[in-house]
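Notes follow once the structure below has been shown.
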Amino acid sequence: MPELSVEGALDTSEALVLDALDDAKLREAFDRGTPVVVRAASAEEIKAALARPEVSTVLVPAERRDLLELDLTELTYG
């Protein structure tokens, strides 16, 4: 799975899809080996989600395709 994708572009039927980070749900899914996908609508939400090792992919809304152009290295390390 790519790090970032537009909502609806990936088959997430086998993944746990979260609207927000939830420590307990993240840990449980990771322990079971279930991929974790988090929805995000801002650069800050993307950064927070990708900082979590349990998160496989972040989905952005179709109307925020501009977020796919983020420089993830710059966002993470400044």
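Side notes on the structure shown:
- DSSP beta bridge pairing in the chain, given as percent antiparallel to the nearest 5: 0 percent
- Between helix 23-32 and the chain there is an angle of about 60 degrees, using the helix long axis and the longest principal axis of the Cα atoms.
- Neighbour counts of other Cβ atoms within 10 Å put 42, 56 in the fewest-to-most order 42, 56.
- Note on the chain: dipole from Cβ charges, positive end direction compared against 35, 72, 24; the farthest Cα belongs to 24.
- Between residue 64 and residue 34, the modelled labels are 2.3 nm apart [label points 7 Å from Cα along Cα→Cβ].
- Computed log₁₀ I(q)/I(0) - Debye formula, equal Cα scatterers, no solvent, the chain, q 0.10, 0.14, 0.18 Å⁻¹: -0.20, -0.40, -0.66
Read-outs: derived from the displayed coordinates by stated rules, not from any lab. Not measured: the values here are computed from a predicted model. Every residue, glycine as well, gets a Cβ built from its backbone with ideal geometry; the counts of neighbours run over all protein chains shown.
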